[in-house]
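The values are calculated or read from the model by the stated rules, or taken from the named source; none is laboratory data. What you are looking at is a predicted structure, and each value in this text was computed from that prediction instead of being measured. Don't worry about glycine lacking a Cβ; one is built from the backbone with ideal geometry, like all the others, and counts go over all protein chains shown.
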Amino acid sequence: MLKSEEIRRQAAQRLRELFPRAKDWEERQDVAIGAQKADLMVKFRLGDEEHVLVTEVCSLGQPRQIRAAVTRLSEIRREAPTAYLLATAVYIGPQSARILRSNNFGYVDLSGNCYVALENVLIEKEGKRNVRPSTRPLRSLFAPRATRVVRLLLTEPAHAWRLEELARSAAVSLGHAHNVVKRLEELAWAERDDRQRLLLTKPADLLEAWAESYSYRENEVRSYFAPERISRKFMGEVARAADGAGRRYAFTLNAGVSLVATRLRLPNVHCYLEGDPEPVASALGVRAATEADGTFHLLTPYDPGVFAGVLEKGGLKVTSLPQLYVDLMQYEQKGREQAEHLRREAMGF
């Protein structure tokens with residue numbers, strides 16, 4: 001897997017090849033554009049016209065990464081409306097190309113495909129095969145224990161980690177942490193600094209990939225009829241019952257996002273709970289129900305890591321923002337909409 005610096009270097013070379021008659025060619029990396037940062041900016045002249053191309057580098061050109069790139073490019077477009085914006089990756093396939101073109105963005109990949117539409121200039125090449133097909137699936141990166149490392153990195157995306165510190169904080173073995181870190185480096189989602197500390201360089205790509213690989217239904221769900229209207233008061237009772245039983249808990253899905261990003265009407269409540277849910281359910285006086293009919297749902301965690309990095313809002317515990325985001329993405333009741341709202345309001349990437 002090529003590192004992001006190499007993708008940038010080759011992308012600049014590809015652009016130069018597409019415009020052999022360009023004059024006054026300039027290239028800059030990590031350029032601040034208003035409140036945004038561009039991976040690569042190229043300026044040149046064609047005849048009397050000056051052109052500015054701004055490129056977002058994607059370690060993978062799969063649709064989930066390209067959708068995230070579209071979001072970032074849209075933000076840059078607001079800051080630099082006259083620039084031409086495009087994405088680059090080792091390979092951008094037909095579906096990813098359609099996503100970019102439907103949003104009026106171009107693309108250039110390292111496999112020979114491109115679409116660049118400047119005023120009076122259209123360059124389009126398609127049908128080239130991936131020159132570096134991936135042979136390793138991402139699923140191993142999101143196995144239950146591996147997500148302890150992923151979750152921690154996404155919870156503190158600006159932190160520079162030593163491997164021993166990362167393993168200890170994520171409650172995994174040194175070898176397990178090493179394997180996760182190695183895979184992240186292969187994907188160019190993380191890099192080492194000059195002191196060999198790990199830095200997460202593409203948190204958005206990592207978050208999107210995890211969301212694609214996971215569903216909140218990997219947790220065992222027990223559903224109940226609540227004896228009263230679902231409200232913050234009821235959530236407080238849930239918290240007190242869990243604390244009284246000596247159990248860890250954390251609200252998620254709509255209940256969680258209502259505490260950290262917006263005030264929602266709560267048709268139901270989902271809450272992670274450590275251990276057997278029946279004593280807590282009995283203390284609350286709730287009756288068993290089907291998931292479709294229930295208004296209160298206790299989730300037995302697929303891994304104890306869901307309790308790492310919990311937030312406390314108004315005296316109530318909420319699962320970490322990355323966990324909350326991936327839980328919401330596969331939730332049927334406006335989950336994706338709430339996930340994107342959470343990301344805009346509270347996550348910053």
Practice item. Go through (1) out of contact with any Gly (no Cβ under 7 Å at 6 or more places or on another chain); (2) in a strand (DSSP E or B) one by one and return the number of the condition Leu86 breaks. Key: (1)
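Mind listing just one residue for me: the one in region 41-57 that is surrounded by fewer than 17 Cβ atoms within 10 Å (Cβ to Cβ) and of a type outside the set (Val, Ile, Thr) and, of those, nearest to Gln10 (Cα to Cα)?
Lys43
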Point to revise | Residues (in a loop (DSSP other than H, G, I, E, B) and farther than 17 Å from Asp205 by Cβ) located in region 27-65 | key: Gly34, Ala35, Gly47, Asp48
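Is it true that some residue in region 210-224 is farther than 30 Å from Gly314 by Cβ, surrounded by 14 or more Cβ atoms within 10 Å (Cβ to Cβ), among the polar types (S, T, N, Q) and modelled with pLDDT under 85?
There is at least one residue in region 210-224 that is farther than 30 Å from Gly314 by Cβ, surrounded by 14 or more Cβ atoms within 10 Å (Cβ to Cβ), among the polar types (S, T, N, Q) and modelled with pLDDT under 85.
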Review point. Considering region 184-208 alone, what residues qualify as being free of Cβ contacts under 8 Å to residues at least 40 places away in the same chain and at positive phi?
Key: Gln196
Check your understanding: Of the residues Leu85, Leu60, which single one is buried (at least 23 other Cβ atoms within 10 Å of the Cβ) and touching a residue at least 60 places away in the same chain (Cβ under 8 Å)?
Key -> Leu60
Review point. For region 17-52, how many residues meet the condition of being of a type in the set (Lys, Arg), at pLDDT below 95 and either within 30 Å of Phe349 (Cβ to Cβ) or not assigned by TED's automatic domain parsing to the domain that holds Glu79 (or both)?
Key: 2
Review point. When region 66-83 is examined, which residues are found to be under 20 Å from Leu15 (Cβ atoms) and assigned to a helix (DSSP H, G or I)?
Key: Ile66, Ala69, Val70, Arg72, Leu73, Ile76, Arg77
Review point. For residues in region 166-198 being of a type in the set (Gly, Ala, Ser) and under 17 Å from the mean Cα position of the chain (by Cα), which is farthest from Leu153 (Cα to Cα)?
Key: Ala188
Exercise for review: Would you confirm whether any residue within region 91-108 is under 20 Å from Thr201 (Cα atoms) and not hydrophobic (A, V, I, L, M, F, W, C)?
Suggested key: yes
